[in-house]
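The values are calculated or read from the model by the stated rules, or taken from the named source; none is laboratory data. Just so we're clear, the structure is a prediction, and the values are computed from it rather than from any experiment. All Cβ positions, even for glycine, are placed from backbone atoms using ideal geometry, and neighbour counts span all protein chains on display. Just the protein is used for accessible areas: all its heavy atoms, side chains included, with ligands, DNA and RNA removed. Shrake-Rupley method; radii C 1.70, N 1.55, O 1.52, S 1.80 Å.
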Amino acid sequence: MKTRLKDCLASGKGAINGWLSIPNTFTAEIMAAQDFDSVTIDLQHGLVDYQAALGMLQAMSASNATPVVRPPWLEPGIIMKLLDAGALGIICPMVNNRADAEQLVGICKYVPDGFRSSGPTRAGIVYGVDYHTSANDQMVIFAMIETEEALANVDEIAATPGLTGLYIGPSDLSISLGHKPGLDRTEPEMLETIEKIRLAAKKAGIKAGIHCLENSYAKKMLAQGFDLVTLANDVRLYSAAVSKTVSDMRG
């Protein structure tokens, strides 16, 4: 199993996560070849469907980065299919209460820790005959906190057995609290809210992650005590690099 992310989180070192929104195997392969601890395929707001995600997981096989996915929603069918395709981590959107968090853990783990159906078509080939007995312990499961309801229930969500951590989606969380969408929040209310979520995770003995835009902000979050930071996504990184190159030429 590709346990780089899990090992990094266990060591207390800050983990760096890449993010894929482009449904392409080659761009996925390029991103996975960089020095990320994990790379996440986004099926919620990215342009990726299940079939594209399968090919991207295959393209990432040569990398030692842990393959993670964000499913479209908290829905057992698609999450189990993505795990069977070889994902070793889930960052799940819109987990609003303890029941949602318990369902998320149950989806991701086999009996007796959950109710995941057995049929790891690709995962069993890629990770070996011992996959079924080791998958529960190796799975990384983050619940996204991005609504007022989730914020009100953050302590009970964090206390859910089997959950690896809480992951902040700054844009939806900002909208929920009356702000415009966007990453790298600096408003006092948002900074207070972000810290409240981080502290809830720490109190429960689990990890805290956050999606960032700029490296400088991600470094601040790691220094503040976050365990995992995501650096923008492939669309933003590609656009920024191309824009800079063209601007330099025009200049």
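The residues of segment 135-157 that are in contact with a helix residue (DSSP H, G or I) (Cβ under 8 Å, 6 or more places away or on another chain), within 18 Å of ASP113 (Cβ to Cβ) and either open to solvent by 60 Å² or more (accessible area, probe 1.4 Å) or not in a loop (DSSP other than H, G, I, E, B) (or both), listed by number, are ALA135, GLN138, VAL140, ILE141, ALA143, ILE157. Applying the set (1) open to solvent by less than 10 Å² (accessible area, probe 1.4 Å); (2) touching a Gly at 6+ places or on another chain (Cβ under 9 Å); (3) more than 28 Å from GLU148 (Cβ to Cβ) to ALA87 leaves exactly one unmet item: (2).
The set of residues from segment 90-108 being open to solvent by 10 Å² or more (accessible area, probe 1.4 Å), more than 17 Å from the chain's Cα centre (by Cα) and not polar (S, T, N, Q) comprises ARG98, ALA99, GLU102. When segment 27-72 is limited to residues that are in a loop (DSSP other than H, G, I, E, B) and touching a Cys at 6+ places or on another chain (Cβ under 8 Å), the one that is surrounded by the most Cβ atoms within 10 Å (Cβ to Cβ) turns out to be PRO71.
Whether any residue in segment 75-84 is assigned to a loop (DSSP other than H, G, I, E, B) and closer than 30 Å to LYS180 by Cβ is what I want to check.
So far as segment 75-84 goes, yes, one or more of its residues are assigned to a loop (DSSP other than H, G, I, E, B) and closer than 30 Å to LYS180 by Cβ.
Can you find even one residue in segment 161-179 that is part of a strand (DSSP E or B), in contact (Cβ under 8 Å) with a residue 60 or more places away in the chain and open to solvent by 10 Å² or more (accessible area, probe 1.4 Å)? No, that holds for no residue.
For segment 1-25, how many residues meet the condition of being out of contact with any helix residue (DSSP H, G or I) (no Cβ under 7 Å at 6 or more places or on another chain), farther than 13 Å from LEU231 by Cα and not hydroxyl-bearing (Ser, Thr, Tyr)? The total comes to 10. For the subset of segment 183-220 comprising residues that are without any contact (Cβ under 8 Å) to a residue 24 or more places away in the chain and within 27 Å of ARG98 (Cα to Cα), which member is surrounded by the most Cβ atoms within 10 Å (Cβ to Cβ)? Looking at the filtered set, the residue picked out is ARG185. Candidates GLY114, GLY119: the one that is in contact with a Gly (Cβ under 7 Å, 6 or more places away or on another chain) and part of a loop (DSSP other than H, G, I, E, B) is GLY114.
Quick grid of which residues meet (1) more than 24 Å from ALA200 (Cβ to Cβ); (2) of a type outside the set (D, E, K, R):
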{"site": "SER61", "(1), (2)": "yes, yes"}
{"site": "PRO72", "(1), (2)": "yes, yes"}
{"site": "GLY106", "(1), (2)": "no, yes"}
{"site": "TYR110", "(1), (2)": "yes, yes"}
{"site": "MET139", "(1), (2)": "no, yes"}
{"site": "GLU146", "(1), (2)": "no, no"}
{"site": "ALA158", "(1), (2)": "no, yes"}
{"site": "LEU163", "(1), (2)": "no, yes"}
{"site": "ILE168", "(1), (2)": "no, yes"}
